[in-house]
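The structure appears right after this line, and notes come after that.
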Amino acid sequence: MKFQRGFSLIELVVVVVLLGVLSVTAAPRFLNVQDDARASTFHSLKGSFSTAVTLFNSKWLIDGEPNPNTIEDRNGLWGYKIYNLHYNKYGYPRIIADIQECETILVNLLPDSSLNRDDYTVNKTGEYQGDNKTGNVCSYEFISAPFNLSYHEISGKVELTKRKKAN
């Protein structure tokens with residue numbers, strides 16, 4: 001008679017315990033993928049906004065660096081526009097109270113974005129460093145994720161920062 005060999009109960013229990021330990025240690029790494037994907041989305045948004053600001057500035061350079069304060073060829077109160085936005089003397093989108101707010105800049109530079117007005121709040125500040133005024137800064141605080149996107153109107157710099165969680 002031939003004996004049938006198989007796994008003993010102890011061997012099966014050991015395998016199940018090992019699989020359980022592996023799943024407990026590996027699961028948090030895979031569950032964190034959603035947070036990584038959300039962070040990647042906002043890094044991509046920052047890159048898109050930064051590229052749009054650079055393209056805006058490039059258009060200003062190609063147009064011959066026109067003075068935003070000239071009276072000639074003026075369309076409206078603040079003069080010549082690029083992509084339906086007023087610009088400053090450095091060729092970046094200008095933040096003008098009641099005429100061209102931070103939201104207008106974001107919407108016009110990223111017209112096909114999936115963002116809507118309920119996704120963020122906007123803050124405009126004047127930022128000072130020592131004796132040098134660096135100009136107005138738009139800060140977009142995203143509601144669904146712990147990120148802030150900021151735009152500096154004088155340098156055209158776009159930054160993405162992560163907010164700290166409140167304890």
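Is there a quick way to get the dipole size of the stretch 18-72? I mean about its Cα centre, with the Cβ of Lys and Arg at +1 and of Asp and Glu at -1; what is the value in debye to the nearest 20?
360 debye
If you count, for each residue, the other Cβ atoms within 10 Å and average over each peptide, how do 90-101, 106-117, 5-16 line up from highest to lowest?
The peptides rank, most packed first, as 90-101, 106-117, 5-16.
Using the Karplus curve 6.51 cos²θ - 1.76 cosθ + 1.60 with θ = phi - 60°, what ³J(HN,Hα) values do you get for each residue of the stretch 40-57, in whole Hz, with x for Gly and Pro?
Listing the rounded values in order: 5, 4, 6, 5, 5, 4, 4, x, 5, 5, 4, 5, 5, 5, 5, 5, 4, 5 Hz.
Ordering ASP35, ASP118 from largest to smallest accessible area (1.4 angstrom probe), what's the sequence?
ASP118, ASP35
If I model a spin label as a point 7 Å beyond the Cα along the Cα-Cβ vector, how far apart are those points for LYS124 and VAL16 in nm?
6.6 nm
If amide hydrogens are placed 1.01 Å from N in the peptide plane, which non-local residues have theirs closer than 5 Å to the one on TYR90?
Amide H neighbours of TYR90: none.
Once the whole set of protein chains is in place, how much accessible area is left on LEU31, using a 1.4 Å probe, in Å² to the nearest 10?
Accessible area, nearest 10 Å²: 130 Å².
For a 27 Å ceiling on Cα separation, which of these pairs sit above it: LYS81/LYS157; LYS89/LYS162; LYS59/LYS124; LYS59/LYS162; LYS89/LYS164; LYS81/LYS162?
LYS89/LYS162; LYS59/LYS162; LYS89/LYS164; LYS81/LYS162
The values are calculated or read from the model by the stated rules, or taken from the named source; none is laboratory data. Quick caveat: nothing in here was measured; it's all calculated off a predicted structure. Virtual Cβ from ideal backbone geometry, glycine too; neighbours counted across all protein chains shown. Surface areas here come from the heavy atoms of the whole protein model, side chains and all, with no ligands, DNA or RNA. Shrake-Rupley method; radii C 1.70, N 1.55, O 1.52, S 1.80 Å.
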